[in-house]
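This report refers to the structure that appears directly beneath it.
The values are calculated or read from the model by the stated rules, or taken from the named source; none is laboratory data. The structure displayed is predicted, hence computed values, not measured ones. Heads up, the Cβs are rebuilt from the backbone with ideal geometry, glycines too, and the neighbour counts pull from every protein chain shown. With ligands, DNA and RNA removed, areas are computed over all heavy atoms of the protein, side chains included. Shrake-Rupley method; radii C 1.70, N 1.55, O 1.52, S 1.80 Å.
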Amino acid sequence: MEVIIGSEAEEKLLPQSPDDRGTPVLYSYKAQVVRRDVFLFIISILLFQSVELLVMFTITMSNERMNLDAPVLNDAILSLIPKQPFAAKWSEVLLISYQIIYGMFVLFHKRRFALARRFLVISSICYLIRIVCIWANVLPRSHVTMECLPKATGPREIFERMMLLWGAAGVSIFGGNMCGNYFFSGHALMATINYYHLAHYMPSKWCVLHKLNSVLNLSIAALILSAHNHYTLDIIGSFVVGNWVFKLYTFIAENQVS
């Protein structure tokens with residue numbers, strides 16, 4: 001089973017062959033495109049995992065630099081929303097489900113390797129921006145009850161924490177739990193990237209799935225705020241960065257000279 005997409009998004013993914021569509025040369029051309037997609041997909045996996053390791057190191061060091069005695073910053077939105085203890089867990093459950101949905105969509109797409117590559121490269125760019133923001137600004141906890149790990153006893157413990165975070169993909173329900181990595185939210189960023197990929201590449205006639213896509217994205221953001229795991233600006237920053245990087249990268253990729 002494959003998702004056969006007849007929209008302009010599918011046409012933009014596949015560079016136009018210089019040969020006639022009716023000639024056997026087209027099949028050779030498409031085979032070359034597939035081989036190129038697979039090779040670039042492997043490179044993008046290595047890039048993404050390298051960036052992920054750097055993100056986890058930055059988060060670990062941010063936890064070391066954090067001042068637990070610093071007062072919580074004023075946030076007009078959070079002050080109106082009571083902290084919900086269930087919200088943090090459910091935001092991650094929804095995010096993982098969101099990732100699975102996107103993964104299934106990519107798996108049955110004709111240009112699955114190209115889509116996956118774009119997702120990984122865009123995510124890598126966004127997370128590189130996040131690394132700079134986290135390193136530059138270690139913000140206080142967004143709620144006084146938020147539990148943070150104590151300072152590490154040495155480089156070995158820092159390395160172990162970094163590898164634990166990397167293995168858990170930064171998800172607290174898998175054991176990845178640190179403080180200080182606020183601006184901007186990694187969970188909301190990933191949800192935003194998922195949203196734009198599905199909105200861009202799904203056929204427009206899939207109206208129900210487009211609505212579900214919007215609901216999932218907004219629900220994850222709302223749950224993160226309800227859990228008081230991030231400030232409001234962290235969520236806004238994720239939307240802005242994810243939107244800007246996706247649209248810029250996609251515009252360049254779809255308008256390059258073949």
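Entry remark, segment 188-205: residues being surrounded by fewer than 14 Cβ atoms within 10 Å (Cβ to Cβ) and free of Cβ contacts under 8 Å to residues at least 24 places away in the same chain number 1 in total. The test for being free of Cβ contacts under 8 Å to residues at least 24 places away in the same chain, of a type in the set (A, V, I, L, M, F, W, C), buried (at least 19 other Cβ atoms within 10 Å of the Cβ) and assigned to a helix (DSSP H, G or I) holds for Val106.
I'd like the full set of residues that are assigned to a loop (DSSP other than H, G, I, E, B) and touching a residue at least 12 places away in the same chain (Cβ under 8 Å), limited to segment 206-233. Hits for segment 206-233 are Ala227, His228, Asn229, His230, Tyr231. Within the bounds of segment 212-231, is there any residue that is over 27 Å from Lys83 (Cβ atoms), of a type outside the set (A, V, I, L, M, F, W, C) and open to solvent by 20 Å² or more (accessible area, probe 1.4 Å)? No, segment 212-231 contains no residue that is over 27 Å from Lys83 (Cβ atoms), of a type outside the set (A, V, I, L, M, F, W, C) and open to solvent by 20 Å² or more (accessible area, probe 1.4 Å). Screening the candidates Val171, Val241 for the property of being under 16 Å from Ile134 (Cα atoms), in contact (Cβ under 8 Å) with a residue 40 or more places away in the chain and among the hydrophobic types (A, V, I, L, M, F, W, C) yields one hit, Val241. In segment 153-162, the count of residues that are surrounded by 19 or more Cβ atoms within 10 Å (Cβ to Cβ), outside any loop (DSSP other than H, G, I, E, B) and not aromatic (Phe, Trp, Tyr) is one or more.
Just one of the listed residues (Leu139, Leu68, Leu149) is surrounded by 18 or more Cβ atoms within 10 Å (Cβ to Cβ), at pLDDT below 90 and assigned to a loop (DSSP other than H, G, I, E, B), namely Leu139. Taken together, Glu92, Glu52 contain a single residue that is closer than 23 Å to Tyr196 by Cα and in contact with a His (Cβ under 8 Å, 6 or more places away or on another chain), which is Glu92.
Of all residues in segment 232-258, those that are touching a helix residue (DSSP H, G or I) at 6+ places or on another chain (Cβ under 8 Å) and open to solvent by 30 Å² or more (accessible area, probe 1.4 Å) total 5.
Across segment 171-187, the qualifying residues are those that are part of a helix (DSSP H, G or I) and modelled with pLDDT of 85 or more, and the one among them that is most open to solvent (accessible area, probe 1.4 Å) is His187. For segment 33-87, the tally of residues that are among the hydroxyl-bearing types (Ser, Thr, Tyr) and touching a helix residue (DSSP H, G or I) at 6+ places or on another chain (Cβ under 7 Å) stands at 4.
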